[in-house]
Every structure is written in C-alpha cells, then in structure tokens.
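Down below is the structure, laid out as structure tokens.
The values are calculated or read from the model by the stated rules, or taken from the named source; none is laboratory data. The structure displayed is predicted, hence computed values, not measured ones. Neighbour counts are summed over all protein chains in view; Cβ atoms, including those assigned to glycine, are modelled from backbone coordinates with ideal geometry. Each accessible area value is taken on the protein alone, full model and side chains, heavy atoms only, with ligands, DNA and RNA left out. Shrake-Rupley method; radii C 1.70, N 1.55, O 1.52, S 1.80 Å.
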Amino acid sequence: MEHLEIKKSILEKIKAYESIIIVRHVKPDGDCMGSTLGLRELLRASFPEKKVLSIGGSGADYLDFIGKEDEDVDEEVYRNSLLIAVDTATFDRIDNNHAGLAPEIIKIDHHIPVDNYGTLNYVREDLPATCAIILDFYKTFADELVLNAAAAKALFVGSVTDTGRFRYSNIDANFLNLVAIALERNIDIEEIYSHLYIKESNILKLQGHILRRFKSTENGVAYFRISRRLCRKYQVSVPDASALVNILDSIRDHLIWVFFIESEDGTCRVRLRSRYVAINGIAERYGGGGHKQAAGALVRNRKEMKALLREADVLLEEFKSNNPGVF
C-alpha cells in the first residue's frame, strides 16, 4: 500500500500522545480549515479519551458552517502535546505563536516540499488537497478510525474548494474515490454549496465592478488591484474580496490571472492562478510559493507589481508560442 510506512508512523505518534494540537497556515482557505477541522473531528471520534484541539489565529468567517477552532491553551499544554501542522508548507507560515514548544511535529501537506520542519513529514504532491490526504489516511486505517459526519463534511468542503469544484487538471479517479468516502456519510451537498457559493448582494456588486474594470497585459494576463478603499465602498471584507480571484478564470486567451490585494501597510498580497502554465516560480521570486497553477506572493509597491506582471506576461508569451491553439 502506497506510503504505508509513513502513515503507520503517524498513527503510532497519535496513539502515543494524550494531547494533540492541530495547527494550520495564516489566512486560511477551504482546504486549510477543512483539513484542520476534519482531522480534529476524525481524531476526537476515533480516540474520545484524548484531548484533541484545533488552534489558529485569524480564521475565515465564510467557513464557520463546518465548525470553529478551539480557544488557545497554556504553553505547558503545547510542551506535552503532539503538534500536527496541516496544509502548511513552511514552519514560518504556521498561524500559531506556540507551535515551536511542542516536542514533536507531524507535517501533513500537499504543496511542493521546501521545509521539512516536522519530526515526520508526510507530503503528497500527487493529491490536490490536504483533505484528500486525510481521507486516504482514514481509508488506510478504517478498521481503527472513525469518520463521523462532521469530519466528512469538513473534508469534503476542503476537497471541493481546492479543486475548483473538481475542475482542475490534477483530478483523477483515486482522488474522486477518496471524496466518495466522505459522501458515504450522507452529508448535505446542497447545504454545503449554498454556504460556499451563494453571495451577498454587495459581493456580487463588487464582482460586477471587477468584471467591468479588470485589465490585461499584451499577451493576456488578466489582473485587478483590490484596494482597501474599494472594499470599504462595497462593504466587503478583504478575505471575501480576494476570494473572487477566479471570476477571471474563464476569459478566452487569458491563461494567467492575478489579484493584488492591498494591505494596511500599503503592500499587496498577490493571488496568482493559471490554466496550463506553471506560475509558482514567479511567486517564489516574490517571497511566496504554492502550486504550479495556484500560488501566492507579496509585492511591496506598484513598481514590484508591474515587474511581476511583466514576468507573467513574458511567461505567457513563451507558453503560447510553444503551444499554439491552447486557450
């Protein structure tokens, strides 16, 4: 069985500790919160005698329907707990100031491995979501673990959101079979989709503003800068505004699209997305990283924003010249 030894080692560590704390990355998305809360509920149902907590900093309000994280605990609890970090490629992105106090860390992730910060590092680039890694972990030890409805719901949400509702190129039969395990718990898909995709009218108005005002580079990089003023005008939170990035994903000949989201200090978080084209290299040159077709970065001013767009434009020009007919 694939990856069996590392999965056995993880289960042994979980069994060895009476207290387990699950952490995740800053600015969480669906897969991040889904894997965090899904794993928590899986372990609570499987080991009711253990203390299992999910502790992070700022969350994502739109995902509250799958559960909320726990209140922080004293440092002494961390010193006696197994720490499991999910969906977090590097240690410095963990959204918890006490993570370094834990005696052992298990890293469970699906991003490109750049920081093996765990005592055990379980990275599956072949799976499109960390939630799928956890479903696979459950499948391997289904005779010992309990996947309840709460865990299944959270893990399904992360699987849906990190794959654009199963539209991306890294979807295969193995992944869909893992998602089917969650569906076997009779979760309400219509209720889940209503939480994820039904929007308030002010968000739809902002969406219309973006569709009217987005710009394009010469070779077809679509981009838009979301200012704090614009968020105030439409009374939309910055996380909700930045989550609109994929409204630019279906423009013919535009294989790369980018959002620049202004922060209070004037810098901009960058959300890069693409079809076919690998854009993670650009993200890495601007202090970020991620997947080949979904990555994040940071630019400090408009000069860096223009430089990033130039790089993306050149990359897209090269891709189109080598792949005529792709749109």
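One residue stands out in region 140-162 among those that are of a type in the set (D, E, K, R) and at pLDDT 95 or above: the one that is farthest from K8 (Cα to Cα), namely K153.
Meeting the requirement of 1 or more residues that are touching a strand residue (DSSP E or B) at 6+ places or on another chain (Cβ under 6 Å) and within 30 Å of I279 (Cα to Cα), the strands (runs of 3 or more DSSP E) wholly within region 51-156 are 82-86, 104-109, 120-123. Only one entry in L196, L206 is assigned to a helix (DSSP H, G or I), open to solvent by less than 70 Å² (accessible area, probe 1.4 Å) and either in contact with a strand residue (DSSP E or B) (Cβ under 9 Å, 6 or more places away or on another chain) or not hydrophobic (A, V, I, L, M, F, W, C) (or both), namely L206.
A count restricted to region 81-105 and to residues that are open to solvent by 40 Å² or more (accessible area, probe 1.4 Å) and either in contact with a Cys (Cβ under 6 Å, 6 or more places away or on another chain) or among the small types (G, A, S) (or both) stands at 1. If you scan region 240-262, which residues turn out to be assigned to a loop (DSSP other than H, G, I, E, B) and either free of Cβ contacts under 8 Å to residues at least 12 places away in the same chain or of a type in the set (D, E) (or both)? Hits for region 240-262 are D249, S250, D253. Sub-7 Å Cβ pairs linking a first residue in region 221-239 that is open to solvent by less than 40 Å² (accessible area, probe 1.4 Å) to a second residue that is among the small types (G, A, S) and not in a loop (DSSP other than H, G, I, E, B), at least 6 apart or interchain, are V221/A312; A222/S216; I226/A241; I226/S242; C231/A241, ordered by first then second residue.
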